[in-house]
Amino acid sequence: LGEGHVAALQWTALSDDDTTVAAGMVDENMRGAADYIERMRQYIVPMQSMVIADATGGIALIAPGRVPGRDPANRIAGRMPVPGWDATYDWKGFLKFEDLPRFQNPPKGAIGTANARIVPPEYPHHLTFDWDEPFRQQRVDELILERSGHDVASMRAAQNDVFSPAAARLGVLMVVAAQAAGGVDDAVLDQLTTWDGVMRADAPEPLIFTAWLREAVRAIYSDDLGPAFERFFDTRASAMTRLLEGKATGRDWCDDRATTDRERCSAVLARALGTALADLEKRYGTDRSKWRWDVAHYAQGEHRPFGNMPVIGPYFNVEVPSPGGSYTLNRGKMVFGEEPPFANRHGSSFRAVYDFADLERSLYIHTTGQSGNPMSPHYRSFAERWSQGEYIEIPTRREAIDKLAIGTWKLTPP
């Protein structure tokens, strides 16, 4: 930036006329999905995918929020600060509420969303560059949209599904590439070849595959990306799949720029597997039959700030084994660049199955407990059940509540 110039940032949440809070207030006149959508005219930020169902059988999805219009010449499109003195980067008004993504009562009779792109290629407006990879959405389509006859049991099964389309596809490509190089642990490759891509809690294959993927991403991309690699360091299944299918031709990614030799992807993957296995032996012992995914992939319910403090940290953190991975519906996203690298740091923190035939039979669960007091027996009371894919019911009728109550909590104003 030149002398006397500053970069400009702008955010819809800083608008003086933000009415998002009003959108969330209880409205007794709201009776169905159409009423809900109309109410979302008041919703400003942050943009969300909201799925609605009502007692008449109506279903809908809307992604409300105030979306800036941008000049076609604005190639930054919200990804970084811009030259504020250049009108090219000024917002050009906002999208009309009617132009926001929405679906009402689609022919399939179901709606499913997993943070992937929800608008078709012909959608004329730019919303974001940050759509999730499509793997979880593909699984939603398979289990929900392409099947019929759903009930509470099928919804529970979908929410707790731990099949990884990404692992099933990418694992085969990695195994084939490593086999071409030779000098690899054939027993491990055989083990991964027969693996079905299900991120089971008690299985070693998800751990071996994920550790291998971590080392492969590091070995392939770190030299090319340099200082930017730290932000890129993730599971990156789409990038790896494109690379091994021969579609990532922008540069020779597998060649190590720091050496005079030309490295091939097969050799890089073979070495990465050896590095990964050595790392796993250091972390979990040399007896591979005792390796379990859920032990390495424990759900890290970290309390901030006390969870990071010595001695008292364990009293505040809630940690339980968990299945799943970054690309499963029962999500367990990792952060490869942090220790421990395989911990579940971003999962399905709340699950619910609403039974419109009898709302009293609806099911709920969240990750920790009902109390915010670490000394309370209810601080961790839901954690194990959440880990096992179980649920609770929450009665609303007074007589049912009285039968189940274990005590009364009184809040007395001073």
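The values are calculated or read from the model by the stated rules, or taken from the named source; none is laboratory data. Predicted, not measured: the structure shown is a model, and the values here were computed from it. Counting neighbours? That spans all protein chains shown, and the Cβs are built from the backbone with ideal geometry, glycine included. Calculation scope for accessible area: heavy atoms of the full protein, side chains included, ligands and nucleic acids excluded. Shrake-Rupley method; radii C 1.70, N 1.55, O 1.52, S 1.80 Å.
Close contacts from segment 16-45, counting a first residue that is touching a residue at least 12 places away in the same chain (Cβ under 8 Å) and a second that is assigned to a loop (DSSP other than H, G, I, E, B) and open to solvent by 100 Å² or more (accessible area, probe 1.4 Å), with Cβ to Cβ under 7 Å and a gap of 6+ residues or different chains, come to Gly32/Thr56. Residue-level analysis places Arg351 among those that are of a type in the set (Lys, Arg) and surrounded by 19 or more Cβ atoms within 10 Å (Cβ to Cβ).
Which one is modelled with the lowest pLDDT among residues in segment 56-65 that are under 20 Å from Thr113 (Cα atoms) and in a loop (DSSP other than H, G, I, E, B)? My answer is Gly57. Among the residues making up segment 190-238, those that are under 14 Å from Met174 (Cα atoms), of a type in the set (D, E, K, R) and either buried (at least 22 other Cβ atoms within 10 Å of the Cβ) or in contact (Cβ under 8 Å) with a residue 12 or more places away in the chain (or both) are Glu205, Arg214, Glu215, Arg236.
For segment 66-76, a residue qualifies if it is touching a helix residue (DSSP H, G or I) at 6+ places or on another chain (Cβ under 9 Å) and either open to solvent by less than 60 Å² (accessible area, probe 1.4 Å) or of a type in the set (Gly, Ala, Ser) (or both), and the qualifying residues are Arg66, Val67, Pro68, Asp71, Ala73, Asn74, Ile76. Of all residues in segment 327-345, those that are of a type outside the set (Val, Ile, Thr) and either within 16 Å of Glu215 (Cβ to Cβ) or open to solvent by 30 Å² or more (accessible area, probe 1.4 Å) (or both) total 10. On the given criteria, is Gln138 touching a Lys or Arg at 6+ places or on another chain (Cβ under 8 Å) and either buried (at least 19 other Cβ atoms within 10 Å of the Cβ) or modelled with pLDDT of 95 or more (or both)? Judged against the criteria, Gln138 is not a match. Tallying residues that are surrounded by 12 or more Cβ atoms within 10 Å (Cβ to Cβ), in a loop (DSSP other than H, G, I, E, B) and aliphatic (A, V, I, L, M) within segment 6-53 yields 4. If you go through segment 110-129 one residue at a time, do you hit one that is open to solvent by 80 Å² or more (accessible area, probe 1.4 Å), under 24 Å from Gln159 (Cβ atoms) and either in contact with an Asp or Glu (Cβ under 8 Å, 6 or more places away or on another chain) or of a type in the set (S, T, N, Q) (or both)? There is at least one residue in segment 110-129 that is open to solvent by 80 Å² or more (accessible area, probe 1.4 Å), under 24 Å from Gln159 (Cβ atoms) and either in contact with an Asp or Glu (Cβ under 8 Å, 6 or more places away or on another chain) or of a type in the set (S, T, N, Q) (or both). Set side by side, the residues Thr241, Thr210, Thr235, Thr194 differ, and just one is of a type in the set (Val, Ile, Thr) and either farther than 27 Å from Gln138 by Cα or more than 22 Å from the chain's Cα centre (by Cα) (or both), which is Thr194.
Could you grab me the full set of residues in segment 66-104 that are aromatic (Phe, Trp, Tyr), part of a loop (DSSP other than H, G, I, E, B) and in contact with a Lys or Arg (Cβ under 8 Å, 6 or more places away or on another chain)? Selection gives Trp91 alone.
Listed by first and then second residue, the pairs with beta-carbon distance under 7 Å, at least 6 apart or on different chains, first residue in segment 324-340 and charged (D, E, K, R), second open to solvent by less than 10 Å² (accessible area, probe 1.4 Å), are Arg331/Gly324; Lys333/Ser326. Across segment 125-159, the number of residues qualifying as assigned to a loop (DSSP other than H, G, I, E, B), touching a residue at least 24 places away in the same chain (Cβ under 8 Å) and over 18 Å from Leu61 (Cβ atoms) comes to 4. Annotation: Ile365 fulfils all but one of (1) out of contact with any helix residue (DSSP H, G or I) (no Cβ under 8 Å at 6 or more places or on another chain); (2) closer than 25 Å to Arg292 by Cβ; (3) outside any loop (DSSP other than H, G, I, E, B); (4) among the hydrophobic types (A, V, I, L, M, F, W, C); the unmet one is (1).
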